[in-house]
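Colleague: Can you read through this structure? Questions will come right after.
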Amino acid sequence: MPFDAIIGHERPKRFLQSALRSERLAHALLFHGEDRIGKLLMARVLAQAVNCEAAPPPDPPDACGACRSCRQIETGAHPDVTILTATGEKGETDHTREIESRFIYRPLIGRLKIVILDNADLLRREAANALLKTIEEPPPDSLIVLVSSRPEALLPTIRSRCQEIRFAPLALDVVEAAVRQRRGLSDKDARFLAVISGGRLGLALEAEPEALRAERAEFLRLVSPASVESVGGLLSVCEAIGKSDQAEAALGWLTAWFRDLVLVKAGGDRSRLVNSDCLAQLDALAARLTVETILELAAYVASMHRGLERNLNKQLMLEGLLLRLQAALQTRAA
């Protein structure tokens, strides 16, 4: 696949092509950005461009997508290109030492030996230290590409030794057009997926709109005025979610809901609403809450994200949010 076949991400593409043309590609790269935004795809295309066998070579440097090398990388069969995924499990120290062992020998058929490590931020400390040794003393003819949605979780010593390339979310109209073209969905569903994805094309191309709407309806019942009126029922639902693996999904939908609520109350651009098809509910709730209260609730949701990262009690955080909303609804907005 050539670089131009990747939708969006023009700056990373041109940067990489410029580095290839000038033969100044760093030995270690860090691709970072939100999950399912296109980082891993770009890393694979870079590997193809580096080892492409097209004659004459494309100018600017690129992957032809048709030669033996490009096809092998696409199918995971290239002897000089390895794609690994970190899991955070025990035994990954041996996994990263295996990376070092792959660089002992010169490339068999390509220009460079390449290892792409997805979810690099999940590496346990001992595994990360093993990887650091390889990055600090790079063997010749080697390239390591780390892919991460949480670069701040990587060891600072690893980040400092990598050339960082950030991947930003795509414009919503770009994602919407791609979803319509590739999946043949209706305008309504394509727009819904584009907005829900937040500009992450990978998510928009994989998600099912009806399944997402059903999941959203389940969690948004939590913040309906009818639900928060019953303290007993509210606490029961919070307990159930806290004990399940649904807390992060619930928090994602609640984050989008309160963001939309701020936008509606402030008279912002409603075309940017994640829950634009729930406008009646948003208008009704916004009418009952003050701007200050909505902002406080949105800030509390943001603090819940930080709490999850510190492994704080999910049930208590969710109870705190809904009890705050219940108290706010008892006083009608002025």
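The values are calculated or read from the model by the stated rules, or taken from the named source; none is laboratory data. Computed from a predicted model, the values in this text were never measured in an experiment. We place every Cβ from the backbone using ideal geometry, glycine too, and count neighbours over all the protein chains shown. Surface accessibility is based on the protein's heavy atoms, side chains included, excluding ligands, DNA and RNA. Shrake-Rupley method; radii C 1.70, N 1.55, O 1.52, S 1.80 Å.
Colleague: Filter region 281-317 for residues that are assigned to a helix (DSSP H, G or I) and modelled with pLDDT under 75; which is nearest to residue 150 (Cα to Cα)?
Modeller: 309
Colleague: Could you check region 1-11 and list, in sequence order, the residues that are closer than 24 Å to residue 72 by Cα and either in contact with a Gly (Cβ under 9 Å, 6 or more places away or on another chain) or of a type in the set (Gly, Ala, Ser) (or both)?
Modeller: Across region 1-11, the qualifying residues are 1, 2, 5, 6, 7.
Colleague: Please find, within region 107-162, the residue that is surrounded by the most Cβ atoms within 10 Å (Cβ to Cβ) out of those that are over 14 Å from residue 26 (Cα atoms) and small (Gly, Ala, Ser).
Modeller: Among those that are over 14 Å from residue 26 (Cα atoms) and small (Gly, Ala, Ser), it is 120.
Colleague: Test of understanding: among 222, 205, 193, 212, which residue is more than 21 Å from residue 254 (Cβ to Cβ) and aliphatic (A, V, I, L, M)?
Modeller: 205
Colleague: Do we find that residue 223 is modelled with pLDDT under 90, open to solvent by 10 Å² or more (accessible area, probe 1.4 Å) and touching a Leu at 6+ places or on another chain (Cβ under 8 Å) in this structure?
Modeller: Answer is no for this residue.
Colleague: Now a separate question. Which pairs have Cβ atoms under 8 Å, sit 6 or more apart or on different chains, and link a residue in region 265-280 that is assigned to a helix (DSSP H, G or I) to one that is modelled with pLDDT under 85 and charged (D, E, K, R)?
Modeller: Matching pairs, first to second residue: 276/270; 279/270.
Colleague: Look at residue 235 and say whether it is out of contact with any Ser or Thr (no Cβ under 7 Å at 6 or more places or on another chain), within 30 Å of residue 297 (Cβ to Cβ) and not in a helix (DSSP H, G or I).
Modeller: Taking the combined requirement at face value, the residue does not satisfy it.
Colleague: Please name all residue pairs, on different chains or six or more residues apart, with Cβ atoms under 6 Å, provided the first residue is in region 34-52 and is closer than 14 Å to residue 167 by Cα and the second residue is open to solvent by 10 Å² or more (accessible area, probe 1.4 Å) and among the charged types (D, E, K, R).
Modeller: 34/200; 36/200; 37/200; 40/118
Colleague: Now for a separate question. Filter region 84-106 down to the residues that are surrounded by 13 or more Cβ atoms within 10 Å (Cβ to Cβ) and among the hydrophobic types (A, V, I, L, M, F, W, C), then identify the one that is modelled with the lowest pLDDT.
Modeller: Among them, the one singled out is 99.
Colleague: Could you pull out the residue among 254, 273, 263 that is aliphatic (A, V, I, L, M) and at pLDDT 85 or above?
Modeller: 263
Colleague: So residue 151 fits all but one of (1) in contact with a His (Cβ under 7 Å, 6 or more places away or on another chain); (2) more than 29 Å from residue 34 (Cβ to Cβ); what number is the exception?
Modeller: Single failed check for residue 151: (2).
Colleague: Can I ask one more? In region 163-175, what residues are surrounded by fewer than 19 Cβ atoms within 10 Å (Cβ to Cβ) and in a loop (DSSP other than H, G, I, E, B)?
Modeller: Scanning region 163-175 gives 168, 169, 171.
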